[in-house]
Each structure stands twice: as structure tokens, then as C-alpha cells.
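This report refers to the structure that appears directly beneath it.
The values are calculated or read from the model by the stated rules, or taken from the named source; none is laboratory data. Computed from a predicted model, the values in this text were never measured in an experiment. Note: ideal-geometry Cβ built from the backbone for every residue, glycine included; neighbour counts use all protein chains shown.
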Amino acid sequence: MTASSLITPGAHPASVAVLDRIGSIELPTKRNEAWRYAPHAKLAKLSFGPSVSPAPSVPAEVEQQIPVLDGPTIVIVNGVVDSEQSKLDQLPTGLSVSTLAEVAANEPERLDGHFKPTTDDAFAAANIAFGTDGAVMTVGEGVRLDAPIHIVNISIPGETHNAACAGVVIDLGTASSATVVETRIGSGEGVIGGSNTRTTITLAANASLEHIVLQDLPISQIQLSTVGVTQAEGSEFVGRSFNIGASFGRLEYLVDLAADGARVDLSGLFFGRGDQVLDQQITVIHGALDGVSTQSYRGVLDDNSVGVFNGGIDVRPGANGTDAAQSNANLLLSDRAEINTQPRLEILADEVACKHGATVGQLDETALYYMRSRGIPADEARRLLIDAFADQTLEGVGIETIRSWVRERLGHTDG
Amino acid sequence: MLQVENLTASIGGTQILKGLDLSVGTGEVHAIMGPNGSGKSTFAHALAGRDGYEIGGTITLDGQDLLDMEPEARAAAGLFLGFQYPVEIPGVNNMYFLRTALNSVRKTRGEDEIGARDFLAVANKAMELVEMKQDFLHRAVNAGFSGGEKKRNEILQMAIMQPRLAVLDETDSGLDIDALRVIASGVNSLRGPDRSMIVITHYQRLLDYIEPDFVHVLVDGKIVKSGDRTLAMHLEVNGYADFIDEENDAAGRAMSGAKS
């Protein structure tokens with residue numbers, strides 16, 4: 001297949017350019033720290049290509065998994081926006097939403113930042129080449145949106161290519177605020193497939209965004225996701241992730257506190273069973289004065305599952321007044337489950353407060369006995385303790401629909 | 001109601017209970033007193049079914065063999081253990097915990113589960129017994145509770161579970177006199193002709209408030225003396241020294257007997 005046959009009409013120039021060299025970019029290996037625990041053999045089976053339009057229709061059982069939120073909804077199926085499923089009528093004043101394909105064709109310069117790779121791995125390149133559709137949204141200066149904007153990314157492995165790419169671009173104007181929820185689900189039990197999502201977020205001064213990722217793809221699939229955030233002065237980014245499904249669920253955050261007084265609060269839960277590998281790769285760059293960052297992740301790992309928390313705090317020279325904290329608490333439910341937790345701290349400024357800590361534990365046997373002595377059966381007592389551990393990651397989530405969506409997926413009892 | 005015969009318990013190769021016999025009739029309150037390390041708590045946990053002990057002998061409750069049962073089945077059979085050190089369970093709401101416990105037991109017994117509203121009425125009544133405020137129910141189980149609050153929470157659970165046999169393990173430890181009064185009055189109000197209790201304590205003090213029908217002295221894994229309340233008073237004056245010496249003498253005689 002020649003490169004030209006892969007070009008999507010109207011694609012951004014960067015998408016076209018990367019096609020010339022995409023064949024020569026090698027897949028990451030175990031030697032790449034950021035991909036060390038990835039299932040490389042499975043990754044090699046992913047075949048990315050241009051999105052096929054129209055995308056297949058969404059099976060009812062997948063549709064039923066979509067959390068119902070009040071607000072605008074953009075549905076992306078195999079990398080292509082499904083305008084019939086999307087709900088974009090009656091957008092609130094100050095919010096504009098377009099498809100990425102439209103913007104790439106008409107105002108490509110708006111996407112220059114999105115298509116500039118921060119890492120040169122094959123999957124980033126694949127997304128630049130083939131992630132030619134998706135959602136682009138802009139929140140106007142001073143606009144405060146109440147209802148969450150919902151991006152539903154559905155993956156139904158196709159025949160020609162089993163993996164699709166999509167892009168999400170979010171720009172918040174000065175002193176605006178919004179909530180964006182990205183739900184990643186799909187179908188195709190037993191069929192290897194994957195999805196590769198790239199989210200680029202820019203926050204102007206004093207803007208505030210809450211961004212929630214809900215990942216519950218079928219166990220046959222791979223989910224690769226990169227969220228890049230650039231923050232101006234006084235802005236605030238709250239990123240929450242619930243990494244639950246997929247055989248390999250990889251979530252990468254690269255947050256750049258590029259101006260003074262920016263704050264970022266990242267937290268999440270990864271909950272693995274079977275042979276799942278759930279991987280969080282976090283880097284926060286403190287590039288200016290008085291930045292505040294927190295990373296707080298919890299892992300629950302059962303069976304043979306593997307969790308990865310690779311958390312970076314990168315304090316650049318002169319970024320005085322930095323206050324950075326990182327924590328990763330893990331609950332191992334099986335002797336065979338594995339957690340790999342690693343802080344990466346690079347501190348090149350003087351007046352800096354930085355702390356990090358990780359814990360790995362098992363269910364508290366004394367608490368189990370105490371509950372059982374009160375008549376609660378062993379299985380239910382275990383369930384209660386696991387839920388209690390996982391629930392702490394839901395505390396900051398204000399949307400009840402999302403809390404119950406996550407709880408349901410953890411096999412939660414009525415709480 | 002409860003029959004304990006020749007109960008032995010070892011942990012990690014160390015024998016702690018060495019042939020304990022005890023019979024508790026319906027409606028009776030028995031006190032078990034003993035010095036530190038005599039096996040009081042081990043006895044309590046052997047009754048409740050804690051893992052990790054090597055157990056011998058028999059325990060029957062209302063004719064059922066307890067030793068074959070999991071802790072949750074023992075609770076459903078009507079056993080309740082008030083812990084010396086109640087366990088903190090962060091993230092589990094106290095009310096939800098109590099309702100789950102009660103409904104688990106009811107389910108095992110083939111009874112209907114209790115809904116949230118009816119349960120609240122049950123809980124409110126129980127809370128009055130131990131002078132607890134409503135906010136107790138909305139906190140995580142024992143998490144951040146003071147020593148006295150934890151012990152009151154144990155008695156609250158007992159009031160909700162309405163056990164056939166309540167075993168209270170050093171419920172008085174770490175309590176000031178006011179908290180002790182509240183707890184004792186809660187316990188006393190739960191006494192009844194169909195409910196038996198075993199009150200385990202190191203000190204006689206608790207027995208001024210909860211008057212036992214029988215007192216047993218546990219030394220080195222065995223009951224060495226049984227009597228009525230006056231036995232507790234004797235211990236208050238003389239301590240455990242009499243019994244410990246007797247034990248040592250008896251052990252000494254056994255040793256010399258073996259040698260000859």
C-alpha cells in the first residue's frame with residue numbers, strides 16, 4: 001500500500017506529512033520505560049489506517065453502556081463522528097463544537113498544536129496520521145458551563161483495520177469553566193482491536209476544566225490515550241480517570257503548568273482483573289512560579305492483572321514556589337497480581353515542596369474477620385472493603401450518574 | 001445454652017487454651033476473670049471463629065456445633081462478640097455496615113430483610129441505649145472514634161443484632177468511669193431471660209455495674225475456680241496470686257510425678 005492511498009481527504013498537513021515516515025517508526029519495546037509493561041505482542045497486532053466512513057452502526061448493548069448525562073454529546077464511532085447519534089442542538093451560548101475533520105479542512109492552523117507530537121512513538125504518529133476526525137470545542141471568555149460536555153468514543157473493530165484513531169481538542173477561554181467527560185466503550189468480544197485517542201487541552205488564564213475519562217472497553221481491546229494539557233496563568237485542570245476495561249488500557253497525561261500560579265489535580269482508579277494491564281503514565285511539568293500539582297491514584301488488582309503507575313514531576317529551573325504531591329495506593333487481591341509503581345522526580349528549582357509516596361497492601365484480614373463476626377458473609381465483606389478503597393477516588397466526582405456508572409462496573413453492591 | 005468442653009487452642013505451636021470447660025445456661029451472665037496472658041481473648045475469638053487457631057474440644061450453642069461454622073454462621077446462630085479492640089474500617093459507612101450485618105443474619109435465618117426506613121427506627125432505639133448521637137451512623141465504622149466511642153459502637157451493634165449469647169471481651173478496658181456507666185447500663189438493659197452473656201474482664205470494677213450470676217477464674221488456659229460474685233470480690237482484694245501459685249504447684253507436682 002502506498003502512502004498516498006492512506007491520505008484522508010481534507011486532512012491536516014501534519015497528518016499527510018507523517019504518512020511519509022510512518023512505516024519507518026518502530027514500535028516501542030520493553031526498553032522504552034514508558035512502554036515497559038505493555039503487552040508488546042498484542043500491540044503489534046493492531047492495524048491502524050484511515051477511518052472508514054460511514055462507521056458501523058452501534059449495537060444496542062454498547063449504546064446501553066453510555067452514561068446518560070445532561071448536556072451536549074458527541075459520538076465518535078471508529079474515529080468518525082456520528083452526527084446522528086450526537087446531540088449538538090441547542091448548544092449553550094459561548095460554546096462552539098465542530099468535528100475535527102471540518103476544522104482540519106477549513107481552519108487547519110487551529111489544530112497545529114494538536115498535531116504536534118510530544119513523543120515520537122509509533123502510536124503517537126499513528127494518531128497524527130489517522131486521527132483525522134473527532135471533536136473540537138471552544139468555550140468563550142468568561143463563559144461558565146454547567147452541563148458536562150460528553151464525548152462518547154466507541155470502538156467496534158473493523159475488518160480492514162482493527163484499530164481506529166480519534167482526536168479531541170478542548171480550548172477554554174479566559175476565566176471560563178467547563179466539564180468534559182470522555183467515555184470510551186466498544187464491542188467485539190474475542191476480536192482483537194484497539195483505539196487510540198489524543199486529547200489536546202489548552203486553558204487560558206484563570207480557566208477551569210474538569211476532565212473525566214471513563215474507560216471500559218471489552219477485554220479483547222487495547223486502549224491507548226494521551227491527554228496533553230497546556231495551562232496559562234491561574235488556570236486549573238482537574239483530571240479524573242477510571243481505567244477499568246481493555247486488555248491493555250494505557251492513559252498518558254502530559255500536563256504543562258506553563259504560566260505562574262497554574263494548578264492541576266489528577267486522580268484516578270485502575271481496577272484490573274484477569275490478565276489486564278492498566279497503565280497510567282503521568283508527567284506534570286512545573287514550568288513557572290507557584291504551580292500546584294497533585295497526583296493521586298489508586299489501583300485494585302485481582303487475578304493476574306498488572307497495574308502501572310509511572311508518575312513524573314518535572315520542576316524546571318526557576319519554577320520556585322512549586323508545590324507538588326504524588327501518591328499511589330494499591331490493593332492486591334491475588335498473589336499473582338502485580339503493581340509497578342514508580343515516581344520520576346526531576347527538580348531543578350530551589351524553593352520547591354515535593355512529596356511522593358506509594359503503598360501496596362492486601363485486604364485487611366482483621367477487618368474481614370470483624371465484619372464476618374457480625375454475620376456478613378466473607379464474599380460480601382471483601383466486596384465492602386474493596387469498594388471502600390475504590391470509592392475514595394469517586395469522592396470528588398460531582399456527577400452522580402458517573403459515580404454509579406463506575407460503581408456498577410466494579411461489581412458494586414448498593415452503597 | 002452454651003457448652004464448652006475440653007477446649008484447647010494453639011497458635012503458632014504455642015498452646016494457649018489447655019482444656020477449658022464452661023457451661024452457660026439460658027439467661028445467665030457469667031464473668032470470666034484472669035490475669036494478662038491467661039487466654040481470655042483467645043477464648044473469645046475461639047468462640048467467634050477467628051482464623052489461625054488450632055482448636056480441639058467442642059463448643060455447642062443451643063445444641064449446634066459452633067466449631068464447624070464460619071464466623072458469619074456463628075453470628076447467624078446467635079453469637080455476638082464485643083471486641084476488645086474494635087476494628088476501624090475507613091470508607092464503610094456505619095449505618096450501611098450495621099444494616100448489612102443485620103440483614104445478612106436475617107437472610108441466613110430465612111427472615112425478611114429490613115428496609116432502610118425500618119432499620120433507622122431500630123438503630124435509633126439502639127442508639128438511645130448507649131447515648132449515641134445520630135452522626136455516629138453516618139461516620140465510617142470506628143474510623144477516628146475515641147476509645148469510648150468504639151466500645152459504645154460495639155454495644156450498639158449488640159443491641160441491633162439481639163444475640164442469643166453475647167461475649168464481651170474487656171469491654172471496660174480504656175474507659176473512664178462515665179463511659180463505663182453508659183456502657184454497663186446499655187448492657188444491663190439487654191439482659192433478659194432468653195439471652196446469656198459472658199463478660200470477660202481483668203478487673204472487678206466492671207462487675208460492680210454488670211452483676212454476674214457466676215464468676216470463673218481463668219489461669220493459664222484453664223478455668224481454675226468458679227463461684228458466685230463473691231469470688232470477684234476475693235480477687236479484688238487478693239489478686240490472682242493465689243491461683244497462679246496453685247497452678248504452678250500443680251504443674252510442679254505433675255512434673256515431679258512424671259520424673260519418678
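Points to keep in mind about this one:
- Scanning region A:379-397 for residues that are more than 7 Å from every other protein chain (Cβ to nearest Cβ) and free of Cβ contacts under 8 Å to residues at least 12 places away in the same chain yields a count of 2.
- Residue check: B:Thr8 meets all listed conditions (1) closer than 25 Å to B:Tyr203 by Cα; (2) crowded, with 20+ Cβ neighbours inside 10 Å but one, namely (2).
- Of all the numbered requirements in (1) at pLDDT below 95; (2) more than 10 Å from chain B (Cβ to nearest Cβ); (3) on the phi < 0 side of the Ramachandran plot, A:Thr413 misses one, and that requirement is (2).
A quick yes/no check of all residues on (1) outside any helix (DSSP H, G or I); (2) at pLDDT below 95; (3) within 7 Å of chain A (Cβ to nearest Cβ); (4) on the phi > 0 side of the Ramachandran plot:
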site	(1), (2), (3), (4)
B:Pro86	yes, no, no, no
B:Gly91	yes, yes, yes, yes
B:Arg117	no, yes, no, no
B:Leu120	no, yes, no, no
B:Ala126	no, yes, no, no
B:Phe136	no, yes, no, no
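- For A:Val52, the requirement of being among the aliphatic types (A, V, I, L, M), assigned to a loop (DSSP other than H, G, I, E, B) and farther than 24 Å from A:Phe115 by Cβ is not met.
- Residue in region A:329-367 that is nearest to the other protein chains (Cβ to nearest Cβ), counting only those that are of a type in the set (Asp, Glu) and surrounded by 14 or more Cβ atoms within 10 Å (Cβ to Cβ): A:Asp364
- Residue that is farthest from B:Pro212 (Cα to Cα) [pool: residues in region B:143-152 that are surrounded by fewer than 24 Cβ atoms within 10 Å (Cβ to Cβ) and not aliphatic (A, V, I, L, M)]: B:Gly144
- Flag if A:Tyr370 is modelled with pLDDT of 95 or more and within 11 Å of chain B (Cβ to nearest Cβ): yes
- For region B:22-49, the set of residues classified as in contact with a Ser or Thr (Cβ under 8 Å, 6 or more places away or on another chain) and outside any helix (DSSP H, G or I) consists of B:Val24, B:Gly25, B:Thr26, B:Gly27, B:Glu28, B:Val29, B:His30, B:Ala31, B:Ile32, B:Met33, B:Gly49, listed by residue number.
- None of A:Asp216, A:Asp133, A:Asp146 is among the acidic types (Asp, Glu), in contact with a helix residue (DSSP H, G or I) (Cβ under 8 Å, 6 or more places away or on another chain) and either over 30 Å from A:Val16 (Cβ atoms) or surrounded by fewer than 21 Cβ atoms within 10 Å (Cβ to Cβ) (or both) except A:Asp216.
- Single residue of region B:60-79 satisfying the filter (in a strand (DSSP E or B) and touching a Lys or Arg at 6+ places or on another chain (Cβ under 8 Å)) that is nearest to the other protein chains (Cβ to nearest Cβ): B:Leu79
- Scan of region A:389-415 for residues that are in a helix (DSSP H, G or I), aliphatic (A, V, I, L, M) and more than 18 Å from A:Arg273 (Cβ to Cβ), ordered by number: A:Ile402
- Check on A:Val97, part of a strand (DSSP E or B) and of a type in the set (A, V, I, L, M, F, W, C): yes
- From A:Val75, A:Val81, residue being modelled with pLDDT of 95 or more and more than 25 Å from A:Val18 (Cβ to Cβ): A:Val75
- Of all residues in region A:313-328, none satisfies being buried (at least 17 other Cβ atoms within 10 Å of the Cβ), within 26 Å of A:Asp275 (Cβ to Cβ) and within 14 Å of chain B (Cβ to nearest Cβ).
- Here region B:104-113 is the region considered, the condition is being in a loop (DSSP other than H, G, I, E, B) and within 13 Å of chain A (Cβ to nearest Cβ), and the residue that is nearest to the chain's Cα centre (by Cα) is B:Arg109.
- As a summary of the residue check, A:Val81 satisfies the conditions (1) touching a Ser or Thr at 6+ places or on another chain (Cβ under 7 Å); (2) loosely packed, with under 15 Cβ neighbours inside 10 Å except for the one numbered (2).
Quick grid of which residues meet (1) buried (at least 20 other Cβ atoms within 10 Å of the Cβ); (2) modelled with pLDDT of 95 or more; (3) of a type outside the set (S, T, N, Q); (4) touching a Lys or Arg at 6+ places or on another chain (Cβ under 9 Å):
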| site | (1), (2), (3), (4) |
| --- | --- |
| B:Val199 | yes, yes, yes, no |
| B:Asp208 | no, no, yes, no |
| B:Lys225 | no, no, yes, no |
| B:Asp228 | no, no, yes, no |
| B:Asn238 | no, no, no, no |
| B:Ala250 | no, no, yes, no |
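- Matching option when the condition is over 26 Å from A:Gly113 (Cα atoms), in contact with a helix residue (DSSP H, G or I) (Cβ under 9 Å, 6 or more places away or on another chain) and in a strand (DSSP E or B), among A:Val308, A:Val300: A:Val300
Table: residues versus (1) of a type outside the set (S, T, N, Q); (2) closer than 22 Å to B:Arg152 by Cβ; (3) surrounded by fewer than 22 Cβ atoms within 10 Å (Cβ to Cβ).
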| site | (1), (2), (3) |
| --- | --- |
| B:Asp62 | yes, no, yes |
| B:Asp65 | yes, no, yes |
| B:Ala73 | yes, no, yes |
| B:Leu79 | yes, yes, no |
| B:Tyr85 | yes, yes, yes |
| B:Glu88 | yes, yes, yes |
| B:Val92 | yes, yes, no |
| B:Met95 | yes, yes, yes |
| B:Arg99 | yes, yes, no |
